[in-house]
Structures are given as C-alpha cells and as structure tokens.
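Quick notes on the structure that follows.
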Amino acid sequence: MATTYDYEEAPATYDEGRHQDLGYDPNFVPDSVRSFVVHLYRHIREKNVYEIHQMYEISFQTLSDRLFKDTPWPSVDAVAHYVDNDQVFCLLYREMWFRHLYARLSPTLKQRIDSWDNYCSLFQVVLHRVVNMQLPNQWLWDMVDEFVYQFQSFCQYRAKMKNKTEQEIALLRQYDQAWNVYGVLNYLQAFVEKSNIIQILEQEKEGLEQFTATDGYDYSGGSNVLKVLGYFSMVGLLRVHCLLGDYQTGLKCLLPIDISQQGVYTSVIGSHIATIYHYGFANLMLRRYVEAIREFNKMLLYIFKTKQYHQKSPQYEQILKKNEQMYALLAICLSLCPQVKLVDETVNSQLREKYGEKMARMQRYDDEALVIYDELFSYACPKFITPSAPSFEEPLVNYNQDAYRLQLKLFLYEVKQQQLLSGVRTFLKVYSTISLGKLANYMEVDEPTLRTILLTYKHKTHAVDSDGKIISNADVDFYIDDDMIHVVESMPVKRYGDYFLRQIVKVWYI
C-alpha cells in the first residue's frame, strides 16, 4: 500500500505561503518539498519502484500544481544537502526541474543549454558507471521522450533567427555543440548498443531472457535503468529520424521491437502512442498504406477502450491530441488506399463522424481535395526540424518552417500523382475483364497512354516493406493478357469470431 505523505494534501504552511507571496526564490525550499526530496531519495536508494512511481507520477504533479504553477522548483543547490549531495540524485532532480520548466514556463536560451549539459552528465553516468537503481518505466520513458522533445524545441527555437538579440546570437555561437543532431543521435544509439537490448530481445525469442515478461525490471537485485533506456531509445531514434524526414532509417531503428506483440513499449501509454504514431506516419510517407492503416486502427481502438483510465494522468491531454492526429492520418491513408475492411467498426464509426465529409471530397482528386490533404497533413504531421546551425550573417531570417514545407510539398506531389489513378480504379471496380481498347475509349486516352497509366497504378499501389519485399496496397489489382485486362479484387477475410464477441459484449451490458 502506498504511503500518503503530508505534503500531498496538507494545507500550505506559513513558509509555503511566504514562498507564494514573495515570488520565486531559487534557494527557498518549502517543508513539503524537503520532505518530498528526502523520501524520493530514500526510495531510490532502497529500489522501491512502487513508491518511486507514486511520488514521481502523483506527488510531483501535486506539488507542482500547488506551489510551482508558474515558477520553477527550488534549485538543485538548495536541495542537495538534504540528499547527501548525491550526484546521481541531483542529476535526476535537475532532469525533473527542467522538464517542469519546459511544461509550465518558457525556457531561456541559457536554460536550454543547461538542460543539454545536464542530460549529457546524466547519460554519461548511466553509460559509463555502475548505476545501482531501479526506476519506473514511466520515468525512463519520460527521460527519452523529453530529451527528443527538447532537441526538437531547440531546433525550432534556433531557426527563428529574425528577432534574436546580439546576446542570444553570441550564446548560440559559443555553445554550438548544444543539442547538436549528432550528439542526440549518438546518445540514443549508445544506449541501444551499451544496453545490449537488441541481443536481449533476440534471446527472449529463444526463451533465454525474461525482459518483456518482467516489464524490463530486474527482480534479482540489479538495475533496469540502462536496459530500459536502451529499449526506449529505439523509439526515440524512430522519432528523431521522422523529425528529420528519414523514414527508412527510423523504421530500421525500431525493427528489434515486434510491434505486433505486447512489449515494454506498451507498458507506458505515452510510449505506446508515440511508437505507433511515428511508425504509422513513417509507413504513410513510404506509401506502405496497409501497414499504416492496420497499426493506426489498433492504436485508435485501444485508446477508445482505455482513455477513461487516464483522465487523471498528466499525459491525458497529449493522449487526446495524438488520438485526433492519428484519426486525421487514418483519413489520409484510407483516401489514398481505400482499405476500409482493415478498420474496426468502432474506429470507422468515429472516423466517419470526424472526417466522413472531408474524405468524400478527398476522393475527387481536384484542387479542393488537395486543400483538404494539405490541411490534414499539416495538422497531424510531426514538427519537422532543420538540424543544421543557422547562418549568423545579416539579414537574419526565420527558417523554422522550411523542413515542414519540404515534407508537405513531397506529400502533395505524391497525392497529385495519384489523381490519374482514381479514374482507373473506378472502372476496374466495375469490370472483371475489359479490353485495353474499350478502357482507353472510356477514359478518353489512346492505348499507349492507358498502358502508362496502368503501369503507374501498379507502381503506386505497391511498396517495398522492411524486408525488401514488394507488397501490394491495392484492394483492386489486375493483370493484362492478350490486350485483355483481368481484374482481381481482394476479398475481405470474414472474422466471425470478432463479430460474435462484439454481440456478446452488447448483450452483456443490456
């Protein structure tokens, strides 16, 4: 049973009232914060994962809401003597300190650089020293997630050069290695390699490891920190590569995790959603629409069934936002590749409610359709970044939208290429066999042009999967034999079991 500490629900003491009245003093530590820090330090030393999780997930938020809504937490120097000046704990405390700062306030350039330095120090300790700790998966995921988010935020901030002061430009020049893209990728890759997580997951398939079965925790008295950070770093690498527009490499980094199965990535809702969102988006951009549809459908169904359990979670708003973005991406996928049979009834019903009208207009492939594709893509895509350092020469310009505009341009170019194919698909849906001459006549083109269109259809409805195999996205396919087109329509697999289970559940709740 979790211990209920006095700082969670107790009314503000005189000292805490003074803290709120006089404004922020980095050296003032309210009693409840001192108690929090002392207890958290003790539980970390005792490897009491349950209590650490309670304090990290609930108590930290409670105190933040009550005492630090619009100010930072006390400085690490102010609390260090309460925790024996323990270096690792102080690094962990600062990691939380900066995360709170990013969430509630606007960090200055110096604070962004200091946060990078803190991550470097913390990660060096984990990578090169024996860290005898067990930390909750939620915290370890948040570490990787926040690391990538702050990198993305820094790149966006640095790219807005137009209104930078001389002092900011001088700092950017001085700390040119802060949040360097190679540094970020190297740390994430170092976690993957040093943790041996890829080998651990391979051994697990042979029954020699228990990583997933124990959710990554080490019940023999060891530490889970390096292994779980290595595991979540594979998701972090996928996300960074998506932000850079390198989808192939991103998916390659995620390959050791079998997302068709439950895994440690599903043990934290934020990790689960981030994995599937970026995996689905990367597949969408690589024209692997069927794979994207399948995974978006599973994730949206999961959120639909479980979101009520996360209403009090600090991640709840982010869950809802990603849910809406994935519906927009699913609408795009199904408009480019009409495979509704892959979508669950519940998800399809929600999708039609949100985007039914827009999807009908997207099928027309006219200028209005392009506007809607543009709108949905812009709403649902990641915040792409330009990782290179800016030009410090006059005139200073903002280029924070350049990477996004490039990805949008590539996406809309792909949509335009599919415009020709909508007519072909309409006719192929109607006929089981039709001569080339007859179809050319219907489409008002000559036969050589029709052959080109049919070849384009073949190309655009096929993609290369992660194993290098050619896969089909088409619900209607064809082959040509002696100037006759033979249409092959894929038949949906009827899943009677799912249907009966849904009916049983309905009857059960009547």
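Data table
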item	result
Rounded percent of accessible protein surface that carbon and sulfur make up, the chain, 1.4 Å probe	52
Pairwise FRET efficiency - T456 versus S435, Cβ, R0 = 25 Å, nearest 0.05	0.80
C-alpha long axis of helix 289-306 to longest principal axis of the chain, angle in °	50
Nearest 10 degrees, 0 to 90: helix 419-430 Cα axis against the chain principal axis	60
Gain on full stretching of the segment that runs from Y24 to Q167 - 0.36 nm per residue minus C-alpha separation	49.0 nm
Projected label distance in nm at Q124 and L370, using a 7 Å step from Cα toward the beta-carbon	5.2
For the chain, calculated [θ]222 nm from helices alone, where every DSSP H run of n ≥ 4 adds -39500 (n - 2.57)	-20000 deg cm²/dmol
Length added when fully stretched, E202-D77, from 0.36 nm per residue minus Cα-Cα	40.7 nm
Segment 344-444: GluC sites (Glu not before Pro) in DSSP loop, at most 11 other beta carbons within 10 Å	E393, E444
Charge tally in the Cβ shell below 14 Å around I113, where Lys, Arg are +1 and Asp, Glu are -1, I113 excluded	+1
Residue among N224, T214, L237 farthest towards the positive dipole end of the chain, charges placed on Cβ	L237
Solvent exposure of the chain as accessible area per residue, Å², 1.4 Å probe	49
Size of the chain as Cα extents on the principal axes (Å, biggest first)	86, 67, 44
Sum of side-chain charges, D84 neighbourhood, beta-carbon under 12 Å (Lys, Arg +1; Asp, Glu -1)	+1
Mean Cα-pair separation over length for the chain, i.e. relative contact order, pairs under 8 Å, 6 or more apart, %	12
Positive minus negative residues near I372 (Lys, Arg vs Asp, Glu; Cβ under 9 Å)	-1
Anchor K160: lysines whose Cα lies under 20 Å away (excluding residues fewer than 8 positions away in-chain)	K110, K383
The chain: angle of helix 269-285 to the longest principal axis, Cα-based, in degrees nearest 10	30
Estimated FRET transfer efficiency when R0 is 22 angstrom, pair S106-E317 (beta carbons, to 0.05)	0.75
FRET efficiency, D258 to K341 (Cβ-Cβ, R0 25 Å, nearest 0.05)	0.55
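The values are calculated or read from the model by the stated rules, or taken from the named source; none is laboratory data. Just so we're clear, the structure is a prediction, and the values are computed from it rather than from any experiment. Glycine gets a Cβ as well: all are built from the backbone with ideal geometry, and neighbour counts include every protein chain shown. For accessibility, only protein heavy atoms count, side chains too; no ligands or nucleic acids. Shrake-Rupley method; radii C 1.70, N 1.55, O 1.52, S 1.80 Å.
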